[in-house]
Amino acid sequence: MLNRIRALFQENDPGDDRHRLEAAAAALLVEAARTDNTISQAERERILDVTRRHFHLSEEEAQDLLSAAVFDTEGASPYYRYVTVINDHCPPDKRLWIIEMLWEVAYADGELNDLEANLLRRIGGLLHVPDVDRGLARKRVLERLGLPDDSGL
């Protein structure tokens, strides 16, 4: 399974759209978690939770997806190629799900730092998700996580 998921990160992979979206989303979640150069246990658990929930994955599938994403994103930040996959396979009015998942990972430790906020602004812009929609997604996540609205920027 891990080899199949790793293959989805390859540019010439013939994998289906759903699996490409899952791989790209997991990579972006890892990028968000890694903004401070480390992925905390809380961030790992949040990534596993949101990918299981959103993509209806088993524990093992979510773990394999996370492992492949961590492996693929090491080194320079290549998140543009993951954004391209989402833009190519998901209509503009259906991209808010990834923004909510990113907010959940950014708030995994209960607060938002400048680097996380900056990354979410950049990715949201590249995904053509309007600022208002990103802000509303952030508020929904804060409410879902039971955090105050002033938990960060």
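Since every read-out is calculated from the coordinates, none of them should be taken as a lab result. This is a predicted model, so every value here is computed, not measured. Methodologically, a virtual Cβ is constructed for each residue, glycine included, from the backbone with ideal geometry; neighbour enumeration extends over all protein chains shown.
Here the range 64-119 is treated as an ellipsoid with the same Cα gyration tensor; its semi-axes, largest first and in whole Å, are 19, 17, 12. Axis angle, to the nearest 10 degrees, between helix 41-55 and the longest C-alpha principal axis of the chain: 70 degrees. The angle separating the long axis of helix 17-33 from the principal Cα axis of greatest extent in the chain is about 50 degrees. Estimated from the Cβ-Cβ distance and a Förster radius of 35 angstrom, the FRET efficiency linking ASP88 and LEU147 is about 0.60.
Quick one: helix 114-126 against the long Cα principal axis of the chain, what's the angle to the nearest 10°, folded into 0 to 90? Long axis of 114-126 versus the principal axis of the chain: about 60 degrees. Quick one, which of (i) 18.3; (ii) 15.3; (iii) 16.8 is the actual Kirkwood radius over Cα pairs in Å calculated for this model? Working out Kirkwood radius over Cα pairs in Å from the coordinates points to (ii).
Note on ARG53 and ASN118: with the Förster distance fixed at 25 Å, the Cβ-Cβ geometry gives a FRET efficiency of about 0.45. The gain in end-to-end length when the VAL132 to ALA42 segment is fully stretched comes to 29.6 nm, 0.36 nm per residue minus the alpha carbon separation. Counting 0.36 nm for each residue step from LYS139 to GLU61 and taking away their Cα separation leaves a gain of 25.2 nm.
In the range 2-145, Cα pairs under 8 Å separated by at least six residues give a relative contact order of 29 percent.
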